[in-house]
Amino acid sequence: MSCTDDQARAEISRSKAELEAITGEAVTQFCYPYGEFNAAHRAQVQAAGYLGATTTLRSRETVGSREPEAWFELARVPVVRSTHWPQFLLKLLTPYEDRHGRRARGPHSVSAA
């Protein structure tokens with residue numbers, strides 16, 4: 001289900017405010033619903049005061065290796081219930097996720113509407 005830019009902006013800001021009210025802590029990270037986002041969503045997340053956002057792209061990130069705006073398109077290493085320690089270490093310490101993720105498939109963002 002998609003929403004208008006105004007709806008997305010309101011949901012992004014409201015969710016941050018609600019979580020901060022519940023936890024009493026600053027909420028600095030955002031995860032795009034279903035991993036789908038476009039340039040407008042990225043700008044809305046930044047404007048809401050988040051410091052970064054995670055996509056569903058598979059890859060490892062290297063601290064300090066990305067431009068500041070790229071912090072709003074962070075990849076992830078999937079760890080699920082069936083992930084065993086050797087596989088976890090393989091994902092983190094080798095290029096395994098890099099081959100299976102962003103660098104193999106390219107960007108995952110949806111086009112700007």
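Read the figures in this text as sums done on the coordinates, not as results from a lab. Remember, predicted model here, so these are calculated numbers, not experimental data. Note: ideal-geometry Cβ built from the backbone for every residue, glycine included; neighbour counts use all protein chains shown.
Within 10 Å, Cβ to Cβ, of A53, how many net charges do the neighbouring residues add up to if Lys/Arg are +1 and Asp/Glu are -1?
Every neighbour counted, the sum reads 0.
Counting beta carbons within 10 Å around each of D5, D98 and listing the fewest first gives the order D5, D98.
Computed over neighbours whose Cβ is under 10 Å from that of C3, the net charge equals -2, Lys and Arg +1, Asp and Glu -1.
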